[in-house]
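Worksheet for the structure shown next.
Nothing in this text is a laboratory measurement; each read-out follows from the coordinates by a stated rule. From a predicted model like this one, the values you see are computed outputs, not experimental measurements. So basically every Cβ, Gly included, is an ideal-geometry build from the backbone, and we count neighbours across all protein chains shown.
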Amino acid sequence: MKIGLRILLGYFLILGLTAWLVLNVVVEEIKPGVRATLEDTLIDTAQMLATLVAEDVASGNTSDSTLMKRLQNYAQRSVDVNISGIRKNSLDYRVYITNDKGLVIFDSDGKDVGKDYSRWNDVYKTLQGQYGARSTRADPGDDASSIMHVAAPIMDRGHIIGSLTVAKAISTINPFVQRSQRKILQRSAWMLLGSLMIGIAFSWWLNQALRKLQLYASSVEKGEKATLPALGNNEIGRLGRALESMRNRLEGKQYVEQLMHTLAHELKSPIASIQGSAELMREDMPTVDRQRFLQNILEQNQRQKQLIDKLLALVKLEKQQSLEHAEAIQVPELLQQCAQDVQAALSAKNLNLEIDATGIVANPGIMGDVLLLRQAIGNLLDNAIDFAPVGSTIHMQAKESAQQLQIGVQDQGPGIPDYAQDKIFDRFYSLPRPTAAKSTGLGLPFVREVALLHQGSISVSNLPQGGTRACLNLPL
């Protein structure tokens, strides 16, 4: 299946599901919303009528009351109005009044006078001083026959002497609900159709651009002379130009490119240290501090010379089966040297570095290449500095565990995304730094090769409380 069709199907599927969910909610909420509006109107009407009839009910004059007679004649009035395209031909309110015992003393329909309504919720709750309302079906098997009843208390000198209920059939508002639902569905169908046409046009444009890029890549693969087609100033165009640039670089330059990436990556730390020390020496400082920074510059300069000699031979590192040079390593001294290497980078981000070597019971019998281990730990510290928040603390710990020396570097950064867990040791794979440019992606692969040469291992994992811990394990 072509990518353009996949994008179209995915786009329309997401749009369709979203529209269906939204429409389902909107359409389903119309009826409750209209019913709530009707209930609000019935409350106002019931309260108003209860106030008007209170004097007649209190005096017991309900049969001869002028107001009661007018309410009874209300349903006989004729009406013929058009409400937004829906015709209304009848008045649908029913009003009945009960005394404080729940007996009906007035009914605008004239059919239930004298009946006991004390158990109906509208009457029962109203006489108890609560909000009384109910919805009852005229036909138990037909939900459309529901009639909404809302009652209001009839008060006399602060006491409830009866209740007045205003009722209206739900069927009278169903035409308005159905009309609203019909309009929403019709307009939604037009919206979906328009969105589909836009999706088809976008898919066609994308497929055409990708086809041009595919033909260009196929020509390059076959060794043919090909020029990059016009793809526009967009992501696809930038991708095409990137492929063309990559093609130019890869032709006869793969080995040089790999070496230069490695050199640039490994020289980053000493260069940053020298630059930081030089910038600090511009300021007035005690002679002792100046000498210390000057000594650091000299040491880093010497380290660069050593790094160049070592990095020129790194292309053979993966093929080495054992260390060419090994010597006894003083772990505390090694950690201090690594800390000094990154001091300028720590100061630039106002970071603290805590070193804990209390887990080393005695001087461990570690044999290895000091420079390679120093570079490996320096790479771990560089990663921690790049990802650590400004002003936070980086922990570097060394301890003995299960006949191994564990050197851990822990930061408080964002951690490793799930999608990158199995890729961080791939050559040239790099995650974006919060405040730095993208690295060459050779740091962790270099650390892994150093660990393997020392018959050890390297692991990087996220911490439960946040941050990342890199652990270099070396056998004792």
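Compute the signed sum of charges (Lys and Arg +1, Asp and Glu -1) over the other residues within less than 14 Å, Cβ to Cβ, of A278. Please list the in-between numbers first.
On the way: positive: R282, R290, R292; negative: E279, E283, D289, E299.
Net charge in that neighbourhood comes out at -1.
As a quick test, which of the pairs K69/K111; K88/K168; K69/K125; K31/K111; K268/K349 have an alpha carbon distance above 21 angstrom in this structure? Write down the numbers at each step before the final one.
Working: K69/K111 15 Å; K88/K168 14 Å; K69/K125 27 Å; K31/K111 30 Å; K268/K349 16 Å.
Flagged as over cut-off: K69/K125; K31/K111.
Taking 0.36 nm per intervening residue step and subtracting the Cα-Cα distance, what contour gain separates Q302 from Y74 on full extension?
Details: separation 228, 0.36 × 228 = 82.08 nm, distance 10.64 nm.
That works out to 71.4 nm of additional length.
Peptides 143-155, 37-49: what's the order by average Cβ count within 10 Å, highest mean first?
Values: 143-155: 19.8, 37-49: 16.0.
Most protected by this proxy first, the peptides run 143-155, 37-49.
Hey, can you rank 111-121, 158-168, 378-388, 409-419 by average C-beta count inside 10 Å, highest first? Can you show the working numbers first?
Numbers: 111-121: 14.0, 158-168: 20.3, 378-388: 24.1, 409-419: 16.8.
The most tightly packed comes first, giving 378-388, 158-168, 409-419, 111-121.
Evaluate the distance, in nm, between pseudo-label points positioned 7 Å from the Cα of S118 and of Y131 along their respective Cα→Cβ axes.
Modelled inter-label distance: 2.6 nm.
Can you give the local net charge around T98? Use residues other than it whose beta-carbon is closer than 12 angstrom to its beta-carbon, Lys and Arg +1, Asp and Glu -1. Don't skip to the answer; put the middle values down first.
Working: positive: K101, K115, R119; negative: D100, D107, D112, D116, D122.
Charge balance near T98 sits at -2.
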